[in-house]
Amino acid sequence: MAHAYTPGLRVTNKMKITKKRILPLKGEVVVKLGDKVSPDTVVARTELPGTVEPVNVANILGIPPEDVFDAMVKKEGEEVAQDEVIARSKSFFGMFTSVAKAKIAGKIENISKVTGQVLLRGAPIPVEVKAYLEGEVTEIYPREGVAVTTWGAFVQGIFGIGGETHGPIKIVSKSNTEILTEKEIDDSCKGCVIVGGSLVTAAGLQKAISVGAVGIVVGGFNDKDLRDFLGYDLGVAITGNEKKGITLVVTEGFGEIMMAHKTYELLKSKEGQMACINGATQIRAGVIRPEVVIPYKEDIKRVDDAHLQGNVGLAIGSPIRVIREPYFGLLGKVTDLPAPLQKLESESHARVLEVEFPDGRRAIIPRANVEMIEE
């Protein structure tokens, strides 16, 4: 039997999860195959080249570019300290001396006879890649990084901000419909991944940061609050590099949208367990979704029948989320999958499906306008 495939958000109690942990430049892998790792375990490290700072020695000393080599006190490849003299010239029979100093600490990388400039290379910037998950190193990429694998619960969100972090799950909202405000957040949330209901307010987000919470997982967030929080319109850029002191994972969409019952109950059942979360999101080609991973302490070599079944695509009864107006963000289930192409209001033809919403309403929607919530 053929299936219509629609990629969607996965919410599952158990699956095998593998994450590649790759350096931006080749460096050194510091763990071995089979090593057990925790989220803060450094698995690889390298050094990025330091910044380049030009010094126009010819102009500073008032000499022709071709004379710069003779005026240099320091040579190519030598280390220099900030404000250290790197070149010196004398004039008027040695009565007056001009000097050029290093603007930064680093190394002299190049001396040009053509431009009269000296390029200083700052100290290299150390970069470490951590495991992110609690699991096992299952693959080594020499000088590049590793793959870390774990069994765990997995929740994909629709949007997020902030990078990788981890902490114990703390359920703050009493239901998936409740709005998370600053009143529900206190010092007991420090270091935790807070789980809310249908919305987190701007004040609630700021309170979470002030008490030291590491993350928030919630159904919705207002786009105006997001703009005010970031200080700019997000556009279509990839998120995840924001330095706001917290990671936010929105599971349903913008506005007050109750968290899917299955998602809320799954997170509630894991309260107190460690969650690894990442708010990185990209909605263009090469889609990246924010995520919540709750690792299990199980042998990664164990075979799980449910994991092997994979995703069979849309079928009657499949839970879906609508990702386009006029039903954006609504959850429902597929009630019919007509095979023929149907004419849309735009005069184009596309495959459609019939969806039933929780309030009993039904609608015909292009299949491209929904995403499946994987079981």
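Data overview
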item	result
Some residue of segment 46-68 being more than 40 Å from the chain's Cα centre (by Cα) and of a type in the set (D, E, K, R)	yes
Given (1) modelled with pLDDT under 95; (2) in contact with a Leu (Cβ under 9 Å, 6 or more places away or on another chain), index of the condition R45 fails	(1)
Any hit, segment 128-137, residues being hydrophobic (A, V, I, L, M, F, W, C), touching a residue at least 40 places away in the same chain (Cβ under 8 Å) and surrounded by fewer than 18 Cβ atoms within 10 Å (Cβ to Cβ)	no
Which listed residue, of I364, I316, is over 28 Å from the mean Cα position of the chain (by Cα), surrounded by fewer than 12 Cβ atoms within 10 Å (Cβ to Cβ) and more than 16 Å from V11 (Cα to Cα)	I316
In segment 183-235, the residues that are small (G, A, S), part of a strand (DSSP E or B) and more than 16 Å from T165 (Cα to Cα)	G219, G220
Residues (within 20 Å of K262 (Cα to Cα) and basic (K, R)) located in segment 325-365	K333
Those residues of segment 148-182 which are in contact with a Leu (Cβ under 9 Å, 6 or more places away or on another chain), polar (S, T, N, Q) and in a strand (DSSP E or B), in sequence order	T149, T150, Q156
Criterion violated by I111 - all others in (1) surrounded by 13 or more Cβ atoms within 10 Å (Cβ to Cβ); (2) touching a residue at least 60 places away in the same chain (Cβ under 8 Å) satisfied	(2)
G145 vs. criteria surrounded by 24 or more Cβ atoms within 10 Å (Cβ to Cβ), at pLDDT 95 or above and not hydrophobic (A, V, I, L, M, F, W, C)	no
Neighbours by Cβ (under 8 Å, 6+ apart or cross-chain): first from segment 12-40, on the phi > 0 side of the Ramachandran plot and among the polar types (S, T, N, Q); second modelled with pLDDT of 95 or more and part of a strand (DSSP E or B)	none
Residues being surrounded by 11 or more Cβ atoms within 10 Å (Cβ to Cβ), part of a loop (DSSP other than H, G, I, E, B) and either among the aliphatic types (A, V, I, L, M) or in contact with a Ser or Thr (Cβ under 6 Å, 6 or more places away or on another chain) (or both) - total across segment 324-356	4
Residue under evaluation S188, criteria (1) surrounded by fewer than 22 Cβ atoms within 10 Å (Cβ to Cβ); (2) out of contact with any Pro (no Cβ under 9 Å at 6 or more places or on another chain); (3) farther than 23 Å from Q282 by Cα; (4) touching a residue at least 24 places away in the same chain (Cβ under 8 Å), criterion not met	(4)
Residue within segment 249-267 that is more than 22 Å from R321 (Cβ to Cβ) and in contact (Cβ under 8 Å) with a residue 12 or more places away in the chain present	no
Total residues in segment 102-147, condition farther than 27 Å from K14 by Cβ, part of a strand (DSSP E or B) and among the polar types (S, T, N, Q)	2
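The values are calculated or read from the model by the stated rules, or taken from the named source; none is laboratory data. Computed from a prediction, not measured in an experiment: that's the story for all the values here. Ideal geometry is used to build each Cβ from the backbone, glycine not excepted, and the neighbour counts take in all protein chains shown.
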